[in-house]
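The values are calculated or read from the model by the stated rules, or taken from the named source; none is laboratory data. From a predicted model like this one, the values you see are computed outputs, not experimental measurements. With ideal geometry, Cβ positions are generated from the backbone for all residues, glycine too; neighbour counts draw on all protein chains shown. Quick note on the areas: whole protein, heavy atoms, side chains included, nothing else; ligands and nucleic acids left out. Shrake-Rupley method; radii C 1.70, N 1.55, O 1.52, S 1.80 Å.
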Amino acid sequence: QDGSAKLFNTMKEPIEELLSEGKSVKMMALALAGYARFMTGVDEQGRLITLLDPLVDTLKDCAERLFLYIEEDKETVNLSHTTDFLEVIFGSKLAQDERLAQQVFEWAYELRCVGCAAVLEKLSKKTIYEPIKPYIEHAVSLKVAQKEASM
């Protein structure tokens, strides 16, 4: 019922810290893009979502503009709709950080183009596979070498 306040209270300081240290905010940005998608008030099947947030009117307007303009050419869209959404939640200083705004926009673009389930599936495969990729590749190369040696 107060998602925007929860985001402010739980994410503002960690995002600021990550940005100040030059670290990635990619996963934080995904959460924010997902919240923006939710705040459009319509799910991916076109069903209405009941929105209960003290800032619902402003957030819904910003979220709708963010997702509406994603249908335009991705390369020519500026980040103003993304920063507007972020400013409502975090204030202007954090909203104006282009690194955060760009990441939120990139995730919003993905959510708009392929949907939430596809984004999460792709992310889960990459997240699970990437750390062990060298070991898998090594195991495959050993198997190939063993097969070739037995021929």
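Among the residues of region 39-46, is there at least one that is of a type in the set (Val, Ile, Thr), part of a loop (DSSP other than H, G, I, E, B) and open to solvent by 90 Å² or more (accessible area, probe 1.4 Å)? Even if it seems obvious, please write down each step before you answer.
Keep residues of region 39-46 that are of a type in the set (Val, Ile, Thr), which gives 40, 42.
Right, trim to part of a loop (DSSP other than H, G, I, E, B) and you get 40.
From what's left, open to solvent by 90 Å² or more (accessible area, probe 1.4 Å): none.
There is no residue in region 39-46 that is of a type in the set (Val, Ile, Thr), part of a loop (DSSP other than H, G, I, E, B) and open to solvent by 90 Å² or more (accessible area, probe 1.4 Å).
Any residue in region 24-47 that is touching a residue at least 24 places away in the same chain (Cβ under 8 Å) and of a type in the set (D, E, K, R) sitting within a Cβ distance under 6 Å of a residue that is in a helix (DSSP H, G or I) and open to solvent by less than 40 Å² (accessible area, probe 1.4 Å)? List the pairs, counting only those 6 or more apart or interchain.
Close Cβ pairs (under 6 Å, with a partner that is in a helix (DSSP H, G or I) and open to solvent by less than 40 Å² (accessible area, probe 1.4 Å)) amount to 37/111.
Can you name the residue in region 19-38 that is of a type in the set (Gly, Ala, Ser) and part of a loop (DSSP other than H, G, I, E, B) and is also surrounded by the most Cβ atoms within 10 Å (Cβ to Cβ) among such residues? If you could, list the steps in order and put the result at the bottom.
Residues of region 19-38 of a type in the set (Gly, Ala, Ser): 20, 22, 24, 29, 31, 33-34, 36.
After this cut, where a residue has to be part of a loop (DSSP other than H, G, I, E, B) as well, the list is 22, 24.
Values: 22: 7, 24: 12.
If we take residues in region 19-38 being of a type in the set (Gly, Ala, Ser) and part of a loop (DSSP other than H, G, I, E, B), then 24 is surrounded by the most Cβ atoms within 10 Å (Cβ to Cβ).
Scan region 8-38 for residues that are over 14 Å from the mean Cα position of the chain (by Cα) and of a type in the set (A, V, I, L, M, F, W, C) and jot them down. Full working, then the answer.
So in region 8-38, the residues over 14 Å from the mean Cα position of the chain (by Cα) come out as 8-10, 12-14, 16-23.
Selection gives 8, 18, 19.
Please indicate, with yes or no, whether at least one residue in region 6-16 is free of Cβ contacts under 8 Å to residues at least 12 places away in the same chain and under 18 Å from residue 103 (Cα atoms). Talk me through it step by step, then tell me what you get.
Going residue by residue through region 6-16, those that are free of Cβ contacts under 8 Å to residues at least 12 places away in the same chain are 6, 9-10, 13.
Okay, now just the ones that are also under 18 Å from residue 103 (Cα atoms), so 13.
Checked region 6-16: at least one residue is free of Cβ contacts under 8 Å to residues at least 12 places away in the same chain and under 18 Å from residue 103 (Cα atoms).
Going through region 83-111 one residue at a time, which ones are in a loop (DSSP other than H, G, I, E, B) and either open to solvent by less than 70 Å² (accessible area, probe 1.4 Å) or at pLDDT below 90 (or both)? Before you say what the answer is, go through the steps one by one.
Applying the first criterion (in a loop (DSSP other than H, G, I, E, B)) to region 83-111 yields 91, 96-97.
Within region 83-111, 91, 97 meet the criteria.
Given (1) open to solvent by 30 Å² or more (accessible area, probe 1.4 Å); (2) under 21 Å from residue 116 (Cα atoms), where does residue 57 come up short, assuming only one miss?
All conditions pass for residue 57, except number (2).
Give the residue, chosen from 16, 64, that is acidic (Asp, Glu), in a helix (DSSP H, G or I) and modelled with pLDDT of 95 or more. Working first, answer last.
Working: 64 fails: modelled with pLDDT of 95 or more.
Unique residue meeting the criteria: 16.
Of the residues that sit in region 67-82 and are modelled with pLDDT under 70 and out of contact with any helix residue (DSSP H, G or I) (no Cβ under 8 Å at 6 or more places or on another chain), which one is most open to solvent (accessible area, probe 1.4 Å)?
Taking region 67-82 as the starting set, the residues that turn out to be modelled with pLDDT under 70 are 69-78.
Now restrict to residues that are out of contact with any helix residue (DSSP H, G or I) (no Cβ under 8 Å at 6 or more places or on another chain): 72-73, 75-76, 78.
Values: 72: 106, 73: 87, 75: 150, 76: 104, 78: 96 Å².
Checked region 67-82; the qualifying residue most open to solvent (accessible area, probe 1.4 Å) is 75.
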